[in-house]
Amino acid sequence: MAKTVSTDRAPAAIGPYSQAKIYGDFVFASGQIPVNPSTGTVEEKTVEGQTEQVCRNVEALLDAAGTSMGNVIKTTCFLADINDFSAFNAVYEKHFVSKPARSCVAVKDIPKGCLVEIEVIAEI
C-alpha cells in the first residue's frame, strides 16, 4: 500500500494530488516549482534562483520521506525556455551530484508562470 508524504517544508499541493507517495522502497515526488513554502509565493525571477528553490523543495520532500538527494535515481525536468538549459544545469549539478537518470524538456507553460519544475523518483 502506498503511503502519502506531506511536509510544510515544501509547497502544499495546488491541486488534487499529493506532494509525494512512498511505494515499496521508492518515493515518487510530484513536480516541484519554485514556491517558497514559508510565503506561498514565487520570489525568485531568474532560472538560477528558481532552480535553487526547486531543489530546496525537492530536498525537503525527500527528507520527509526518509531519503536524500543522493538516492535520487530519476528526475524529470521542465523548462519554460530551452535557452535556459545551461543556466539550469549549472545549478542542477550542484544538488544532484549522484547524476541520476534524467529527462529535460521545454514546455509551453509551468504553473504560476514558473521557469522550472522538477519531479523525482528516489530510493529510500
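Principal axis extents of the Cα atoms in segment 41-124, from largest to smallest and rounded to whole angstrom, are 32, 26, 20.
Working from Cα pairs under 8 Å separated by at least six residues, relative contact order for segment 65-124 is 58 percent.
Please give me, ordered by residue number, the trypsin sites (Lys or Arg not before Pro) of segment 18-110 that lie in loop per DSSP and have at most 16 other Cβ atoms within 10 Å. Present the calculation step by step, with values, prior to reporting the outcome.
Numbers: sites: LYS21, LYS45, ARG56, LYS74, LYS94, ARG102, LYS108; in loops: LYS45, LYS108.
Here the trypsin sites (Lys or Arg not before Pro) that fit, given the DSSP loop and packing criteria, are LYS45, LYS108.
For the chain, the dipole from Cβ point charges (+1 on Lys and Arg, -1 on Asp and Glu) about the Cα centre works out to 240 debye, to the nearest 20.
Could you give the angle, 0 to 90 degrees to the nearest 10, between helix 85-95's Cα long axis and the longest principal axis of the Cα atoms of the chain? Compared with the principal axis, the helix lies near 40 degrees. Cross-link pairs exceeding 21 Å between alpha carbons, from the set LYS21/LYS74; LYS45/LYS99; LYS45/LYS94; LYS45/LYS108; LYS21/LYS45: LYS45/LYS99; LYS21/LYS45. Calculated mean residue ellipticity at 222 nm for the chain: -8000 deg cm²/dmol, from DSSP H runs with n ≥ 4 weighted as -39500 (n - 2.57), summed, divided by the residue count and rounded to 500. Within the chain, the cysteines lacking any other cysteine Cβ closer than 4.7 Å to their own Cβ are CYS55, CYS114.
Each value in this text was obtained by applying a stated rule to the coordinates, not by laboratory testing. Given the structure is predicted, the values throughout are model-derived calculations rather than measurements. Here Cβ is always computed from backbone atoms with ideal geometry, including for glycine, and neighbour counts include all displayed protein chains.
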